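Here the structure comes first, spelled out in structure tokens, and everything after it is commentary.
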Amino acid sequence: MLAIVLYLRGLWQRQRLGETTGVARTLAFLLGVAATYGVTLTHYDYLAQYMFFVHRAQHLVLHHAAPFLIALSAPLPVLVEGLPMRIRHLPGRRLFTRMLHPVYRILQHPLIAPVLFVGLIYFWLVPEIHFDAMLSADLYQVMNWSMALDGLLFWWLIFDRRSPLQGGLGYGKRIVILLAVIPPQIVLGAYIAFSEEVIFDVYEVCGRAWPLDPLDDQRIGGLLTWVPATMMSVLGVLIVLSFMFRDARNEDTVHASHPTR
């Protein structure tokens, strides 16, 4: 609710200053926040604790779809405008930013970001760890929040609106990262989907929300880990290519308006 209020306030402030934010970007942000709310703070979250495939769909939203939409909307300028002036000028803000910057740079390193992105999926699906996480209210929250925050960091790196000349990651590197995270997710999803044994027995301990065969539940969950996640990486590549073509067109326009003599 706070994110939505700040965003709507920021839109209003920018409109007063004569600045506009595209309708598509606004819808992407609001849909991403609403999707996060829907899978964590509604009855859906209860079902995710009692059906494996519902849980995998929950993490697909938290780690992929919702951060994808939020990062694509590039909401930071709008959110900053939505902050009250007294918060924007808090004493010590610059010092706090300087302290966090090294940690942020490490997490956004092009070698670390994809490893962390895929590694968290694998980590929380280690059967013993998954068992403990689903039975501990605190660990369950850590699991979900870590997936959501890591998803935001990853997609923020990929959809950074800054060009390489402005300090953003090179478009070729972004595409390589997106392609690099595909095979591990395919392998994990296929392993879960084609397993002939129940890997995650915590759902047998707690009982299932619906009378679905455990292996069918597991197969659907494996497919959700595999297919949609892969398609989102492919879609991400297409979007990065559109960024690259946009910059190329802008450069051509500049050269056309300022021809060399």
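Data overview
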{"item": "Count of segment 117-137 residues which are farther than 21 Å from Tyr44 by Cβ and surrounded by fewer than 18 Cβ atoms within 10 Å (Cβ to Cβ)", "result": "9"}
{"item": "Only one of Leu107, Leu83 that is under 30 Å from Ala229 (Cα atoms) and either aliphatic (A, V, I, L, M) or within 10 Å of the chain's Cα centre (by Cα) (or both)", "result": "Leu107"}
{"item": "Any hit, segment 148-156, residues being open to solvent by 50 Å² or more (accessible area, probe 1.4 Å), assigned to a helix (DSSP H, G or I) and over 18 Å from Ala28 (Cβ atoms)", "result": "yes"}
{"item": "Segment 129-178: number of residues that are more than 21 Å from Gly236 (Cα to Cα) and small (Gly, Ala, Ser)", "result": "4"}
{"item": "Scope segment 191-222; condition over 24 Å from His43 (Cα atoms) and touching a residue at least 40 places away in the same chain (Cβ under 8 Å); matching residues", "result": "Ile192, Ile199"}
{"item": "Matching residues, segment 91-129, being of a type in the set (A, V, I, L, M, F, W, C) and either touching a Gly at 6+ places or on another chain (Cβ under 7 Å) or not in a helix (DSSP H, G or I) (or both)", "result": "Leu111, Leu125, Val126"}
{"item": "Tyr140 in contact with a helix residue (DSSP H, G or I) (Cβ under 9 Å, 6 or more places away or on another chain), over 18 Å from Val115 (Cα atoms), modelled with pLDDT of 95 or more and open to solvent by less than 50 Å² (accessible area, probe 1.4 Å)", "result": "yes"}
{"item": "Where Val205 falls short, out of the listed (1) over 16 Å from Ile158 (Cβ atoms); (2) open to solvent by less than 60 Å² (accessible area, probe 1.4 Å); (3) β-branched (Val, Ile, Thr)", "result": "(2)"}
{"item": "Given (1) in a helix (DSSP H, G or I); (2) open to solvent by 90 Å² or more (accessible area, probe 1.4 Å), number of the condition Ile175 does not satisfy", "result": "(2)"}
{"item": "Enumeration of residues in segment 47-84 that are surrounded by fewer than 16 Cβ atoms within 10 Å (Cβ to Cβ), without any contact (Cβ under 8 Å) to a residue 12 or more places away in the chain and in a helix (DSSP H, G or I)", "result": "Leu76"}
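The values are calculated or read from the model by the stated rules, or taken from the named source; none is laboratory data. Since we're looking at a predicted model, the values are computed, not measured. As a convention, Cβ positions derive from the backbone with ideal geometry for all residues, glycine included, and neighbour counts pool all protein chains shown. All accessible areas refer to the heavy atoms of the entire protein, side chains included, with ligands and DNA or RNA removed. Shrake-Rupley method; radii C 1.70, N 1.55, O 1.52, S 1.80 Å.
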